[in-house]
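Just below is one structure, and these are the notes that go with it.
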Amino acid sequence: MNIRKQLAALMSLTLGGLALLAVAGVVSVLTIRGEIVRLSEKTSPLQVNLAKLQRSFERISGNFARISAANSDQEIRTVEKDTEETLAEVEHIAAELAKTSDGLNASSLDEMRQTDEALRAMASDRLSGRRRIAESYQHVAHEIGSVVVTTQSLSQA
């Protein structure tokens, strides 16, 4: 009998703990949901566009690193395409900001356009330089291949 009472007490304690945990979970979810709604009401379209710009610039920065690591023409073309798409997105966001944001200084938009043009020029220079390096590597590989073939034919003779 004593064991039954202990098991019943343990069972009710466990169920009580689970109920308390469930209530805490529901309260947490409702609190988080309320916070998300509050933050979304505070977020303006300007903030959203600026966040998109930041993400785009980070992506472009990553693409510059990818250019240096590209080993094939296909990889270079992939990075080039992604960079072009991202720069187009930056231009679109800048145009949208110019239309909708009276609070944004016109000189800031001009700076953004100048930065975009500079990024395009840098990307083009890097991509063309990387292509020249890849072509040089292919030329050197071809020359080494010719030397190997010649050496093999000499060693057989």
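What is the gain in length, in nm to one decimal, between GLN114 and GLN47 on full extension, counting 0.36 nm per residue of separation less the C-alpha to C-alpha distance?
Result: 22.0 nm gained on full extension.
In the Gaussian network model of the chain, springs joining C-alpha atoms below 10 Å, which of LEU21, LEU127, LEU97 carries the largest mean-square fluctuation?
Maximum fluctuation in the GNM of the chain, among the listed residues, is at LEU21.
Please report the net charge: other residues with Cβ closer than 14 Å to the Cβ of SER68, K and R +1, D and E -1. Mind showing how you got there, number by number?
Numbers: positive: ARG66, ARG126, ARG130, ARG131, ARG132; negative: GLU75, GLU80, ASP125.
Net charge in that neighbourhood comes out at +2.
Looking at the chain, do any whole DSSP H helices span at least 27 angstrom along their long axis by alpha carbon and average 0.5 or above on Kyte-Doolittle, and which? Don't skip to the answer; put the middle values down first.
Values: long enough: 2-42 (60 Å, 0.95); 45-69 (36 Å, -0.15); 73-100 (40 Å, -0.75); 106-156 (74 Å, -0.53).
Within the chain the helices that satisfy the rule are 2-42.
Rounded to the nearest whole Å², what accessible area per residue is found for the chain with the 1.4 Å probe? Write out the running numbers ahead of the final one.
On the way: 11640 Å² over 157 residues.
Using a 1.4 Å probe on heavy atoms only, each residue of the chain averages 74 Å².
Under a point-charge model restricted to the Cβ atoms of Lys and Arg (+1) and Asp and Glu (-1), what is the dipole moment magnitude of the chain relative to its Cα centre, in debye to the nearest 20? Intermediate values should be presented prior to the final figure.
Values: 18 positive and 20 negative charges, 226 e Å.
So the magnitude is around 1080 debye.
Summarise the accessible area of the chain (1.4 Å probe, protein heavy atoms) by the percent that is carbon and sulfur.
Details: 7170 of 11640 Å².
C and S fraction of accessible area: 62 percent.
Which option, [x] 1.22; [y] 1.07; [z] 2.06, is the value of Cα Rg over 2.2 N^0.38 Å that was calculated from these coordinates?
Correct label is [z].
The values are calculated or read from the model by the stated rules, or taken from the named source; none is laboratory data. None of the values given here were measured: they were computed from a predicted structure. No Cβ is skipped: glycine too gets one built from the backbone with ideal geometry, and neighbour counts run over all protein chains shown. The accessibility values were calculated without ligands, DNA or RNA, using every heavy atom of the protein model including side chains. Shrake-Rupley method; radii C 1.70, N 1.55, O 1.52, S 1.80 Å.
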